[in-house]
Amino acid sequence: MDELPDIMAYGFDGRGGAMALSVDEIGAPSHDTHAFTWVHLRRDDPAARRLLEGCGLDSFVIEALTADETRPRCTVHGDGVVLNLRGVNLAPGAEPEDMISVRFWIEGRRVIGVWLRSLQAVRDFSQAIERQQAPKSPGDFIAKLTLRLSDRAEPTVAELNERIDQIEDDVLVEALRVPRSELSRFRRKAIAIRRYMVPQRDALTTLEIEDLDWLTTHDRSRIREAADRVTRLGEELDAIRDRAQILHDEIMDQRAERMNKNTFLLSIIASIFLPLGLVTGLLGINVGGIPGAQNPWAFWEVVMILGVIAVVQFVMLRMFGFFR
């Protein structure tokens, strides 16, 4: 996946059209020629903090946008909102549970975003803008983006579901041995993604109910839809986590059952050979008076006696139900 430009800026006409803005046009909080603007900055770009200060943001908003670690949240500050969201990492070779954060400051006529690692959902969003399929308002902007974040997360959760289905079929139907490490890995993935899904749902729910003039009824309904999708994904991740735990317990039960069978078999073998070992041990002591010491057929007689004892033991064990 290609990296996003370090600095992106667009002006929207409110009818689905957009035009790119230069760095020199970023500083003003609004432009008469645009319905609203969107500025997206790379956090570790040397000019990022200067541009944020040039946009007239106070220290609280700047610190929220440039913090090292964030969790999804929605905080109303004055006439705007600080909104932190997370999306799955879809970069080649990356782990999806390594979720990427994207931070926004949203006002009535501008949206300011900060990122550190490229997020595919934001890239899709910028490509849609290039196709002149731009949002019509800040509320429409955030509603579309949250829906794209959910759309990008759904295939990852569906893949986890399919894999846990396959493992479940292998363990419960075909009785195949599945490494516990694989189950643990899937369970950790589900837990890691869910850790951000639940607060993201809360952040979207908070945004939906806040009394903000730039959020229309249509925007709120779409944000509510995105929150419902995140809720459903969280519930599916809960189910994946629980199913993985159940399968782990089933694998441990099967392993314990195999160990019990092996222990039981060893116990039977030991119970059969213990009397035989006692007899041979008595006949092997190095003292005088051993019966049959002078008889050339004594060895075969002892073998026959041991065989009879073994047969009698086997019959008795079978009568007691040891071989059922």
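A compact table of results
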| quantity | calculated |
| --- | --- |
| Residue among 99, 259, 304 with the largest mean-square fluctuation in a Gaussian network model of the chain, springs linking Cα atoms under 10 Å | 304 |
| Contact order relative to length of region 7-253, as percent, for alpha carbon pairs under 8 angstrom and 6 or more apart | 19 percent |
| FRET efficiency, residue 261 to residue 128 (Cβ-Cβ, R0 45 Å, nearest 0.05) | 0.15 |
| Whole-angstrom gap from region 286-305 to region 89-161, using each part's C-alpha centre | 89 Å |
| For peptides 213-220, 82-89, 38-45, 261-268, sequence by mean Cβ density within 10 Å, most packed first | 82-89, 38-45, 213-220, 261-268 |
| Cβ charges +1 (Lys, Arg) and -1 (Asp, Glu), total dipole of the chain, debye | 1100 debye |
| Whole-Hz couplings from phi, Karplus 6.51/-1.76/1.60, listed for region 109-125; x for Gly and Pro | 10, 7, 10, 10, x, 9, 9, 10, 10, 4, 10, 4, 4, 5, 4, 4, 5 |
| Estimated [θ] at 222 nm from DSSP helical runs (n ≥ 4, -39500 (n - 2.57)) normalised by residues in the chain, nearest 500 | -20000 deg cm²/dmol |
| On Cα atoms only, tilt of 138-172 relative to the major axis of the chain in degrees | 10 degrees |
| Of 115, 133, 215, farthest towards positive along the dipole that unit charges on Lys, Arg, Asp, Glu beta carbons give the chain | 115 |
| Net +/- balance of residues flanking residue 154 in space, Cβ distance below 10 Å, scoring K and R +1, D and E -1 | 0 |
| DSSP bridge orientation in the chain - percent antiparallel, rounded to nearest 5 | 80 percent |
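We did not get these values from a lab; they are worked out from the coordinates using the rules stated. Computed from a predicted structure; not experimentally measured. Quick reminder, even Gly has a Cβ in these numbers, built from the backbone with ideal geometry, and neighbours come from all protein chains shown.
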